[in-house]
Amino acid sequence: MSRKWLIAGNDGVGKTSLASLIEEKNLKSKKSLDLQFREKTIEVSEGYIENPYLNSALIMVGQNQALVNIFMIDLQKDCHVPPNFAKSFTRPTITIINKIDLYDDVKLEKLRQIANAIGSDYIFEISLKTGKGLEKLRKYIKETEEKRCFL
């Protein structure tokens, strides 16, 4: 079994769009309470973050099956990722602030504070819609997947 990119976040944050980027194919968004397992990604519904009793299930999947754990945030909904939640994982973690094209400096700073509180190894600021910031993320994905055979 190869490890996958675990993508967690609120509904509407862009998880399926990010999965499409990683999978290199156009995926259809499907609202579900279940985990969506694909060739390279695992998409996690917001319930696994919103409900503390499901956090341990998310951690278990992240530990056993993830190459990298990704937390996606935006300001469309309140972020329910607990402070320092990324520190619960032994696998690398990143936080992605999506939809940066929609925010002014004040809102973007609020998102940066939320992202820092999650405690991930890296933070990326992107817009999947406009492509802003995607070059750094694509480079990170490529480099991580190239190292995959050594993990």
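The values are calculated or read from the model by the stated rules, or taken from the named source; none is laboratory data. Note that the structure is a prediction, hence the values are computed from the model and not measured. Note: ideal-geometry Cβ built from the backbone for every residue, glycine included; neighbour counts use all protein chains shown. Surface areas here come from the heavy atoms of the whole protein model, side chains and all, with no ligands, DNA or RNA. Shrake-Rupley method; radii C 1.70, N 1.55, O 1.52, S 1.80 Å.
For region 117-141, name all the residues that are free of Cβ contacts under 8 Å to residues at least 40 places away in the same chain, surrounded by 14 or more Cβ atoms within 10 Å (Cβ to Cβ) and either farther than 17 Å from F71 by Cβ or touching a Gly at 6+ places or on another chain (Cβ under 7 Å) (or both).
F124, E125, I126, S127
Yes/no per residue for (1) of a type in the set (K, R); (2) in contact with a strand residue (DSSP E or B) (Cβ under 6 Å, 6 or more places away or on another chain):
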| position | (1), (2) |
| --- | --- |
| K25 | yes, no |
| K28 | yes, no |
| S32 | no, no |
| M60 | no, no |
| F71 | no, yes |
| D74 | no, no |
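Results for (1) part of a loop (DSSP other than H, G, I, E, B); (2) touching a Lys or Arg at 6+ places or on another chain (Cβ under 6 Å), shown as yes or no for each residue.
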site	(1), (2)
I7	no, yes
D11	yes, no
S17	no, no
S20	no, no
L58	no, no
V61	no, no
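Could you give every pair whose Cβ atoms fall below 6 Å, whose first residue belongs to region 94-116 and is without any contact (Cβ under 8 Å) to a residue 40 or more places away in the chain, and whose second residue is open to solvent by 80 Å² or more (accessible area, probe 1.4 Å) and of a type in the set (S, T, N, Q), counting only separations of at least 6 or pairs across chains?
Qualifying pairs under 6 Å: D101/T130.
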